[in-house]
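Asker: Sharing a structure here in structure tokens format.
The values are calculated or read from the model by the stated rules, or taken from the named source; none is laboratory data. The structure presented is a predicted model; accordingly, all values stated were derived computationally and were not measured. Glycine gets a Cβ as well: all are built from the backbone with ideal geometry, and neighbour counts include every protein chain shown. Protein only, heavy atoms only, side chains kept; ligands, DNA and RNA dropped before computing areas. Shrake-Rupley method; radii C 1.70, N 1.55, O 1.52, S 1.80 Å.
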Amino acid sequence: MKTYLKGRLALLYAFLLTYLALSSLVRLILFVWAKPNIPFSIIATAKTFATGLFYDFGTALFFGAIYAVYVWLLPTKLIGTLLDRIVTITIFSLTLFVTLFAFMAEFTFWEEFSTRFNFIAVDYLIYTYEVVENINESYPIPLIVIVLVVAVISVLFFYKKLGVLSNVFVSKQHFLARTIGVLPLFAISFIYVFFVKSKDAEWSNNIYENELSKNGVYSFFAAFRSNELDYNTFYATLPEKQAYQVIKKELLQANENYTVNEVDNIKRHVVGTAANHPNIVMVVIESFSADFLAKFGNQQNITPTYDSLANESIFFNNIYATGTRTVRGMEALTLCVPPTPGNSIVRRPNNENIFSVATILKKKNYDLKFIYGGDGYFDNMNSFFGGQGFDIVDRDRGNPLSDNVKHIGIP
């Protein structure tokens, strides 16, 4: 061990060992937390921690990659200089800070979802502003930052006591010696990137054992690459036959009858009445809870205009959210589909001309407009709604009130 904590690569090896120790501690805490949901088995427990350690090692290599490249390529004559000391301490401190923050975030994520980081965490990273605002409201961010900074300084002080830092700056290892030290690490990292999948850790029928066998950061980047979320794991489901029985019972109206007896076929014959072509305005509002509306018992008169619209319109009082983000609501309201695992259809490529509300309204000769108060490039809305046949009206595109339109369909 002392051999690895000497020489130019001493700090890199020390970081790898520190990461493995801390990640194992995080896994142990989460294991104790989830223990009521895990059947007792010494073999399964050993496999959980052994598999987890395997993924931890790959993640540690990824975290240490920037510093590894630096110590490898820095000319020997610059080793130990003021520049070397500043760059080394900066890279290491930032790497350790991010590492410790990720470990802390794992506990809050586990508390809410009982899993390691997944595509939900990817969504959180993409929408940084909203997430930071929510975190500021829920957690003492300045205190957390101070604690993490103190932890980083403490680790550096510990390494100094061990002599690791002095060895890094004193050792004048030549390029060839450093190459021999880092190339095996780069080779192993290459194997992890291209051949080791996060799903390979799912060896058990128990979801908690599978999640504990993973590494949170490794799972995060795996979710980012795959752009998927396992539907059956994170959404409540019914057997397909039972689901169709429920939907066929709820779907059928008084003027309809099913044309075929197949369980999974909902084709219906509708006995129509005189056609009616009202103006259709679909208002979609961010973070607008039913608790705000008088229709659902609110007595504070928060939304008088919206309440008046509810009294004069077709009002649906049994509609529920289909996902965790607004883009999922737009997807559901336009396409009438539940959320698909991974990214919303609104934000996926090749999403033009899908059968949607627009398809029906165009057949009825409605003039379709998508009206948004901000920039419709956000969440790919302009591309999606334009691809369904809507004319785009956003912050930079026209005034819909100036148009002489007889019938308007607006999502």
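Asker: What is the ratio of the Cα radius of gyration of the chain to 2.2 N^0.38 Å, where N is its residue count, to two decimals?
Answerer: 1.31
Asker: To two decimal places, what compactness ratio does the stretch 10-160 give when its Cα radius of gyration is scaled by 2.2 N^0.38 Å?
Answerer: In units of the 2.2 N^0.38 Å rule of thumb, it is 1.21.
Asker: Convert 10 °C to kelvin, take the viscosity as 1.306 mPa s, use the Kirkwood radius over C-alpha pairs of the stretch 194-271 as Rh, and evaluate the Stokes-Einstein diffusion coefficient in µm²/s, rounded to a whole number.
Answerer: 98 µm²/s
Asker: Relative to the Cα centre, what is the charge dipole magnitude of the chain, using +1 at the beta carbon of each Lys and Arg, -1 at the beta carbon of each Asp and Glu, and rounding to the nearest 20 debye?
Answerer: 1700 debye
Asker: Can you tell me which of 310, 46, 187 moves the most in a GNM of the chain? Springs connect C-alpha atoms under 10 Å apart.
Answerer: Comparing 310, 46, 187 in a Gaussian network model of the chain, the most mobile one is 310.
Asker: Now, a different point. Which of 115, 99, 58 sits farthest toward the positive end of the charge dipole of the stretch 1-127, with +1 on the Cβ of Lys and Arg and -1 on the Cβ of Asp and Glu?
Answerer: Sorting the options by dipole projection puts first 58.
Asker: In whole percent, what relative contact order does the chain give with Cα contacts below 8 Å and a gap of six or more residues?
Answerer: Relative contact order here is 17 percent.
Asker: Run the Debye formula on the Cα coordinates of the stretch 255-387, all scatterers equal and no solvent, and tell me log10 I(q)/I(0) at q = 0.19 1/Å.
Answerer: Values, matching the q order: -1.35.
Asker: Along the charge dipole of the stretch 156-244, pointing to its positive end and built from +1/-1 on Cβ of Lys, Arg, Asp and Glu, which listed residue (158, 171, 183) has its Cα farthest out?
Answerer: 171
Asker: Using r as the Cβ-Cβ distance of residue 290 and residue 197, and R0 as 41 Å, what FRET efficiency do you calculate, to the nearest 0.05?
Answerer: Efficiency, rounded to the nearest 0.05: 0.50.
Asker: Find the Cα radius of gyration of the stretch 85-171, compare it with 2.2 N^0.38 Å by division, and give the number to two decimals.
Answerer: Ratio of Cα Rg to 2.2 N^0.38 Å: 1.35.
Asker: Springs between alpha-carbon pairs under 10 angstrom, Gaussian network model over the chain: which of 17, 293, 96 fluctuates most?
Answerer: Of 17, 293, 96, the Gaussian network model singles out 293 as fluctuating most.
Asker: Between exposed GluC sites (Glu not before Pro) in the chain, where DSSP calls loop and at most 12 other Cβ atoms lie within 10 Å, what's the longest gap?
Answerer: My reading of the result: 1-261 is the longest stretch.
Asker: List the lysines whose Cα lies under 20 Å from the Cα of residue 160, skipping any in the same chain that are fewer than 8 positions away.
Answerer: Straight-line reach from residue 160, under 20 Å: 2, 6, 172.
Asker: Relative contact order for the stretch 1-136: what percent, with Cα pairs under 8 Å and sequence separation of 6 or more?
Answerer: Reported relative contact order: 24 percent.
Asker: Over the stretch 233-278, what relative contact order in percent results from Cα pairs under 8 Å that are six or more residues apart?
Answerer: 29 percent
Asker: Heavy-atom accessible area of residue 280 with all protein chains present, probe 1.4 Å, nearest 10 Å²?
Answerer: Probe radius 1.4 Å; accessible area of residue 280 about 60 Å².
Asker: Hey, another quick one. From the Cα gyration tensor of the stretch 1-67, with a ≥ b ≥ c the square roots of its eigenvalues, which class applies: rounded if a/c is under 1.5, or else prolate if a/b is larger than b/c, or else oblate?
Answerer: Prolate, because a/c is 1.5 or more and a/b exceeds b/c.
Asker: Moving on. Could you name the lysines in cross-link range of residue 35, using Cα to Cα under 24 Å and dropping any fewer than eight places away on the same chain?
Answerer: Reachable lysines: 47, 199, 214.
Asker: Restricting things to Cα coordinates, could you compute the convex hull volume per residue of the stretch 137-249 in Å³?
Answerer: Dividing the Cα hull volume of the stretch 137-249 by its residues yields 218 Å³.
Asker: In a GNM of the chain with a 10 Å cut-off on Cα contacts, which of 217, 271, 346 has the highest mean-square fluctuation?
Answerer: 271
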